[in-house]
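Asks: Got a structure for you, written out below as structure tokens; questions coming shortly.
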Amino acid sequence: MPRRSKDTRIRNRGYFYFDNRNLKKSQSFDDIMSMLFSGVPAYREVASFIVNSLRYKAAEEKRLNPYWITASEMSRMILQGLGPSRKPMAYKVLYEFLIPYGIIRKDESESRYYLARDFSLALRKIAESYDKWLAS
């Protein structure tokens, strides 16, 4: 009979790490960012800043459903909030993580950044695929 793992080590390395025993139905945004950027706290901080600032700026300008800002607003937001020394890291996080994960979408034709629902849809697809695989 298989034994239950007694591995209680705290693991905090790598990207997109989570311990399923600690998941709840209503995770805070900070908890989600901690899962996505478990290995690099600076990336987590920058990602949280970008997403929260985009949401705040869009709401302030009444650009809702979906939230969006222009590329020039994104650039100013990054420079003012993070400074010129962290600008390269901000764009790395944006283009290598937030956009591919589906948290942010960039519309090249309109030069806008949107908060996207693709991330949650991708997680649902993974769950459905895994369930189908288990059932086969």
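Asks: Could you give me D for segment 44-136, from Stokes-Einstein at 10 °C and 1.306 mPa s, where the hydrodynamic radius is the Kirkwood radius over C-alpha pairs? Units µm² s⁻¹, please.
Replies: Using the Kirkwood radius from Cα pairs, D works out to 112 µm²/s.
Asks: Taking the Cα centre of the chain as origin, work out the dipole magnitude from +1 charges on Lys and Arg Cβ and -1 charges on Asp and Glu Cβ, in debye rounded to 20.
Replies: The calculation lands at about 540 debye.
Asks: Sequence neighbours fewer than 8 away in the same chain don't count; with that in mind, list the aspartates and glutamates whose C-alpha is under 16 Å from LYS62.
Replies: Partners found: GLU73.
Asks: Can you list the aspartates and glutamates whose alpha carbon is less than 16 Å from that of LYS125, not counting same-chain residues fewer than 8 positions off?
Replies: The qualifying aspartates and glutamates are none; the list is empty.
Asks: Sticking with this structure for a sec: Can you give the relative contact order of segment 37-136 as a percent, counting alpha carbon pairs under 8 Å and 6+ residues apart?
Replies: 26 percent
Bear in mind that the values in this text are calculations on the coordinates, not laboratory data. Quantities reported herein were computed from a predicted structural model and do not represent experimental measurements. Reconstructed Cβ throughout: ideal geometry from the backbone, glycine too, with neighbour counts over all protein chains shown.
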